[in-house]
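The values are calculated or read from the model by the stated rules, or taken from the named source; none is laboratory data. The shown structure was predicted, so the numbers you read here are calculated from the model rather than taken from an experiment. As a convention, Cβ positions derive from the backbone with ideal geometry for all residues, glycine included, and neighbour counts pool all protein chains shown.
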Amino acid sequence: MAMKPISGVTFHFHDLAGKTLIITGITRGIGKALLPGLLAQGINLIAVSRGREKMAAIRTELGADESRLRLFECDLADSAAVAVTGQAIAESDLPVDGILHNAAIDPRHHFEKAAPAPWDAVFQVNLRAAVTLTQCVLPQLRQSAQGRIVFTGSVVSELGGSYMTAYAASKGALTGLTRALAHELQGSGVTVNCILPGAIQVEKEVGTAADDAVLAGWQSVGRRLTVADLLGPVCLLLSQAGGGISGQCLTVDGGVLHPLMSRDVQRGRLQSDGYA
């Protein structure tokens with residue numbers, strides 16, 4: 001069944017047709033927004049997320065059947081549930097060619113005041129669940145002719161962010177995991193990479209035109225980024241064309257600018273140096 005692609009997307013990675021990809025966190029945000037584009041590439045999806053009824057509604061909305069979008073309900077904050085789900089996928093007759101760890105939580109908290117609870121929850125969803133699921137399906141990935149592991153990090157791990165210490169630390173851990181696991185899987189045929197999104201426009205970040213202008217002004221690319229900007233890099237890493245890329249962290253943030261390096265700040269230096 002042909003799926004409606006993400007608006008504005010004209011590329012097609014033909015070798016992805018018929019491949020099976022696990023994707024976590026599909027009921028909102030980037031994960032949900034990626035589904036139409038991934039299906040349009042011909043990829044069969046195994047979704048791991050909370051809320052079976054919500055997942056089923058999304059599948060119906062997309063016009064996909066179970067062969068194109070298989071659902072595994074799982075609360076990624078529950079380590080035991082993650083292990084059970086991972087084992088169920090491993091013991092199924094489903095092939096697994098790739099896994100895209102998209103699910104994440106980012107609760108704001110005071111570093112000085114935060115009890116262990118927010119740290120435990122953030123690291124479980126953002127890091128440990130990804131580790132457990134990957135461990136479970138790694139034998140299937142090894143059997144694939146095109147095994148792919150893609151973690152989703154964040155530019156916050158590089159830029160920092162007030163009241164986001166747990167989130168930033170968990171995403172930074174994913175970049176370290178990416179590089180180390182790529183080394184450990186040397187010669188297996190399985191590549192390991194990490195996508196670091198910037199400010200991607202999804203439903204929870206819908207703001208005013210003025211808000212969008214401010215965010216775009218922080219980037220070299222002078223517009224809000226959408227999920228279409230992530231779909232291409234993700235498909236590249238999953239495809240044969242990306243087979244030579246492993247252990248890498250690919251930033252998709254529109255070229256976030258350091259405030260001191262902006263044109264407005266540096267224009268004064270340009271004038272003082274006599275090149276105005």
**Study point:** Out of ALA17, ALA77, sole residue that is buried (at least 17 other Cβ atoms within 10 Å of the Cβ) and hydrophobic (A, V, I, L, M, F, W, C)
**Key:** ALA77
Practice item. Check GLU158 against each of (1) touching a helix residue (DSSP H, G or I) at 6+ places or on another chain (Cβ under 9 Å); (2) crowded, with 18+ Cβ neighbours inside 10 Å and name the one condition it does not meet. Key: (2)
**Study point:** Any hit, the range 8-29, residues being on the phi > 0 side of the Ramachandran plot and not in a loop (DSSP other than H, G, I, E, B)
**Key:** yes
Exercise for review: Evaluate the following for THR191: is it within 23 Å of THR27 (Cβ to Cβ), buried (at least 19 other Cβ atoms within 10 Å of the Cβ) and among the hydroxyl-bearing types (Ser, Thr, Tyr)?
Suggested key: no
Review point. Looking only at the range 166-222, which residues are acidic (Asp, Glu) and without any contact (Cβ under 8 Å) to a residue 40 or more places away in the chain?
Key: GLU184, GLU205, ASP211, ASP212
Practice item. Search the range 42-63 for residues that are surrounded by fewer than 18 Cβ atoms within 10 Å (Cβ to Cβ) and pair each with any residue that is assigned to a helix (DSSP H, G or I) and of a type in the set (A, V, I, L, M, F, W, C) when their beta-carbon atoms are under 6 Å apart and the residues are at least 6 apart or on different chains. Key: GLY42/LEU16
Review point. Which ranges mark the helices (runs of 4 or more DSSP H) fully within the range 107-222 that have 1 or more residues being under 17 Å from the mean Cα position of the chain (by Cα) and closer than 16 Å to CYS249 by Cβ?
Key: 129-143, 156-159, 165-184
**Study point:** Residue check for LEU231: in contact with a Gly (Cβ under 7 Å, 6 or more places away or on another chain), crowded, with 22+ Cβ neighbours inside 10 Å and at pLDDT 90 or above
**Key:** yes
Review point. Taking the range 194-228 on its own, how many of its residues are among the β-branched types (Val, Ile, Thr) and exposed (fewer than 13 other Cβ atoms within 10 Å of the Cβ)?
Key: 3
Practice item. Look through VAL82, VAL96 and report the one residue that is assigned to a loop (DSSP other than H, G, I, E, B), in contact with a helix residue (DSSP H, G or I) (Cβ under 6 Å, 6 or more places away or on another chain) and within 23 Å of PRO139 (Cβ to Cβ). Key: VAL96
Revision key, fill the gap. Checked the range 161-180 for anything of a type outside the set (Gly, Ala, Ser), modelled with pLDDT of 95 or more and surrounded by fewer than 21 Cβ atoms within 10 Å (Cβ to Cβ); matches are THR175, LEU177, ARG179
